[in-house]
Amino acid sequence: MHKPDDGYGGAARRRERVLFELAKRNKADVAETFRAITEATAVALDVERTSIWRLTPGGNAIVCEDNFVRGQGHTAGEILWARDYPSYFCAIAENRVIAAHEARTDDRTCELNMDYLQVHGITSMMDVPIWQKGRPYGVLCHEHVGPTRRWTSDDETFAANLADLASLALEEGEGRKAEQRWNAVVNTIQEAVFVLDGEGTIVQTNPLAARMIEHAGGGVTLAERMELVEFRDEQGRVIPADRTGGRRSLRGEVVREINHLVFKRTGERRSYRITSAPMRDGDHIASVVVVLADVTEEVAFDRLKREVLAALAHEFKTPVAIVKGYAQHMSKQPDANPSERPMVAAIERASNRLQRLIDDLVEVSGISIGRLVLYREPVELTAMLCSVAHWAAPMATHHRLVVNAPEELAVSADRPRLEQAVRRLVDNAIRYSPPGGEVEIAVAPSGNDVVISVRDRGIGIPADQQNRIFELFFRAHAGTPHDVGGLGIGLFMAREIAVRHGGAMWFESEEGKGSTFYMRLPRTEVL
Amino acid sequence: MKSAGGILIVDDDPDLREFLRLMLTSMGFEVTSAANGQEALNDMEGHDPDLILLDMKMPVMDGWEFCRVLEGRDSRPPIVVLTAAPDPAGRAAEVHAEGWLGKPFEYADLEAIVRRFAKSPAR
């Protein structure tokens, strides 16, 4: 006979007390909470053995996560297979309380008799399902030893409450695991992570960021920081406190840029790729996360690369000047040998190709493609297009250059860059047109924009090459009789410049009929 | 008594000097040449050219130093900077030169710029 309670009220109060104690504890450590639950339930329900079993993902076994035996303590790891106890597993799969007062004869549990119940002296058992995020996780199992026991509805309710606590522990454990994973990421990444409050004060850091602050000599508040570290932009200009990435993000901006930091204490100068973004709390920006990646080596290498390319281009220019100069001179001699004229013309063409290659080298070396800085001013387009036509005239001796700009239109643009982009288009139009062809440079308004177009009656772009035409180093006519040399950066640069101005570039082309390239730019008022 | 007129070519590349000499004489100009700034200053002690065609990167005395020396004088001939720099106009502005010619240059551009500054006695 089961030991009577010390009065109905006393048992109920004890159980409430147990639930309360378990509920208020931190359940983030799942294994620890499971142990607390099995222990508490064994005492409160007065059973010999309590255990928590996890159902494997395929449902073909249950694994003991914790088994508490009074007077013996905790064990774990035992496995029961579905193939050995099909009826028991069917009952578990129904996800209802299994209250087997006479476990050895109960249909649901009698399979366990020889291997399990008798081994442990179990006579009555009660299994309560444990849920995890709406899916069955396993069971909380109560096993009574001694004379059989009738489980009351209070027993079932109490056990169900404990199973709910186990579910809660699983959820909190999951949260903690995710947090631990996240912390591991933040603590090991090779970027310094800072969280700033609304005043620009650093309120949280990862270890790398903490080391940076230490290296700088402190500097948690914005004012302290500006004392210890000088922030410079990509061009080396000092960034005032109000324009640092963190401050700009507090005003809602997402900032991605390269900054050079000068640590005043040591004089050390390093380059960082700074990403900073606002963290919103509803409509309000409460804090900012700033991530700094040390790119000192990359920046130095990039500079070296550009210097080497520039020096190389520079050294090529004088010999090309001599070759080209003599060729031009010889072609103008009235008494030149007619049989040598084609050779001289070929030397001149070859030197022009070399010159184009050098110009391309200078351009890729002079411009860091990813961060083209624009110096905008109002640019009147009729004058600019005429200037481009004037520039192109010496190359277009066998072509007809037409400028079609019926009205004055202006854009806010980096004048040399924009002119360079249009030059690229006109240069292509001339190079890929047969002699006698017309090249039309035009500009027209289009809503709030202007569209500059360059049309030729040339060889066109083969249909299968058209989708690659704006790729860097792609040359549609490479290795064909139309190959006129170059590195294949012209259209890439032209479109890049259009895009950086808030515009776009596209084209229409038909092989054998010609191409038209369009550049759309936001329009401004003519001054 | 100093002689006057003509074009002084200052460039350390002998082939380019020779090429320019040939081109400019064929245009009818008197031409003298120097391999660096110091040689050019020596040349100018006995001769006042109408125009100096000046390379910038040279050994012994480069274009910048040469221009600094001339800046200190009461007057100097006009200077056209001959440069392979990506921004020839910027180079010219650095030394307050009157004009520039980027390398490699067109025959026509060479002729146009020297005719702006120098008289050719042959024509």
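Miscellaneous remarks
- Pair list, Cβ under 8 Å, 6 or more apart: segment A:290-317 residue away from chain B (no Cβ under 14 Å), other residue surrounded by fewer than 17 Cβ atoms within 10 Å (Cβ to Cβ) and polar (S, T, N, Q): A:293/A:190; A:294/A:190; A:302/A:368
- Residues of segment A:327-347 satisfying the condition of being facing chain B (nearest Cβ under 10 Å) and in contact (Cβ under 8 Å) with a residue 12 or more places away in the chain: A:327, A:328, A:331
- Members of segment A:425-459 that are in a strand (DSSP E or B) and of a type in the set (Gly, Ala, Ser): A:442, A:444, A:446, A:453
- Counting only residues that are at the interface with chain A (Cβ under 10 Å from one of its Cβ atoms) and either closer than 24 Å to residue B:87 by Cα or crowded, with 16+ Cβ neighbours inside 10 Å (or both), segment B:18-47 holds 3 of them.
- Complete set of residues in segment A:70-90 that are touching a residue at least 24 places away in the same chain (Cβ under 8 Å) and under 24 Å from residue A:160 (Cβ atoms): A:70, A:74, A:80, A:85, A:87, A:88, A:89
- Boolean, residue A:248 is in a helix (DSSP H, G or I), within 14 Å of chain B (Cβ to nearest Cβ) and in contact (Cβ under 8 Å) with a residue 12 or more places away in the chain: no
- Qualifying residue in segment B:32-50 (condition: on the phi > 0 side of the Ramachandran plot and among the small types (Gly, Ala, Ser)): no
- Wholly enclosed helices (runs of 4 or more DSSP H) of segment A:286-400 bearing at least 2 residues buried (at least 17 other Cβ atoms within 10 Å of the Cβ), of a type outside the set (Lys, Arg) and at pLDDT below 85: A:296-331, A:341-366
- Against the conditions (1) touching a Phe, Trp or Tyr at 6+ places or on another chain (Cβ under 7 Å); (2) surrounded by fewer than 19 Cβ atoms within 10 Å (Cβ to Cβ); (3) hydrophobic (A, V, I, L, M, F, W, C), residue B:92 satisfies every one except (2).
- The residues listed here are B:74, B:50, B:87; of these, the one that is among the acidic types (Asp, Glu), surrounded by fewer than 21 Cβ atoms within 10 Å (Cβ to Cβ) and in contact (Cβ under 8 Å) with a residue 12 or more places away in the chain is B:50.
- Hey, residue B:65 part of a helix (DSSP H, G or I), over 14 Å from residue B:104 (Cα atoms), more than 14 Å from every other protein chain (Cβ to nearest Cβ) and modelled with pLDDT of 90 or more or not: yes
- Tally, over segment A:123-140, of residues that are surrounded by fewer than 24 Cβ atoms within 10 Å (Cβ to Cβ), in contact with an Asp or Glu (Cβ under 9 Å, 6 or more places away or on another chain) and of a type outside the set (Ser, Thr, Tyr): 4
- Hey, residue A:241 buried (at least 18 other Cβ atoms within 10 Å of the Cβ), modelled with pLDDT under 90 and touching a helix residue (DSSP H, G or I) at 6+ places or on another chain (Cβ under 6 Å) or not: no
- Verdict on residue A:351 being in contact (Cβ under 8 Å) with a residue 24 or more places away in the chain and either more than 14 Å from chain B (Cβ to nearest Cβ) or within 51 Å of the chain's Cα centre (by Cα) (or both): yes
- Among the residues of segment A:63-99, those that are within 18 Å of residue A:131 (Cα to Cα) and assigned to a loop (DSSP other than H, G, I, E, B) comprise A:94, A:95, A:96, A:97.
- Beta carbons closer than 9 Å, at least 6 apart along the sequence or on distinct chains, pair a first residue in segment A:172-187 that is over 20 Å from residue A:33 (Cβ atoms) with a second that is surrounded by 11 or more Cβ atoms within 10 Å (Cβ to Cβ) for A:183/A:206; A:186/A:193; A:186/A:206; A:186/A:207; A:187/A:206; A:187/A:207; A:187/A:208.
- Residue match in segment B:80-91 (condition: modelled with pLDDT of 85 or more, away from every other protein chain (no Cβ under 11 Å) and over 26 Å from residue A:417 (Cβ atoms)): yes
Residue-by-condition table, conditions (1) at pLDDT 90 or above; (2) over 40 Å from the mean Cα position of the chain (by Cα); (3) buried (at least 18 other Cβ atoms within 10 Å of the Cβ); (4) over 22 Å from residue A:359 (Cβ atoms):
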site: A:436; (1), (2), (3), (4): no, yes, no, yes
site: A:444; (1), (2), (3), (4): yes, no, no, yes
site: A:451; (1), (2), (3), (4): yes, no, yes, yes
site: A:456; (1), (2), (3), (4): yes, yes, yes, no
site: A:463; (1), (2), (3), (4): no, no, no, yes
site: A:467; (1), (2), (3), (4): no, no, no, yes
site: A:473; (1), (2), (3), (4): no, no, no, no
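- The residue pairs whose first member lies in segment B:93-112 and is within 14 Å of another protein chain (Cβ to nearest Cβ), whose second member is surrounded by 14 or more Cβ atoms within 10 Å (Cβ to Cβ) and of a type outside the set (A, V, I, L, M, F, W, C), and whose beta carbons are closer than 6 Å, counting only pairs six or more residues apart or on different chains, are B:100/B:88; B:102/B:88; B:103/A:317; B:103/A:318; B:104/A:317; B:104/A:324; B:104/A:355; B:107/A:328.
- The residue that is nearest to the chain's Cα centre (by Cα), among those in segment A:29-58 that are part of a loop (DSSP other than H, G, I, E, B) and under 19 Å from residue A:74 (Cβ atoms), is A:29.
The values are calculated or read from the model by the stated rules, or taken from the named source; none is laboratory data. This is a predicted model, so every value here is computed, not measured. Note: ideal-geometry Cβ built from the backbone for every residue, glycine included; neighbour counts use all protein chains shown.
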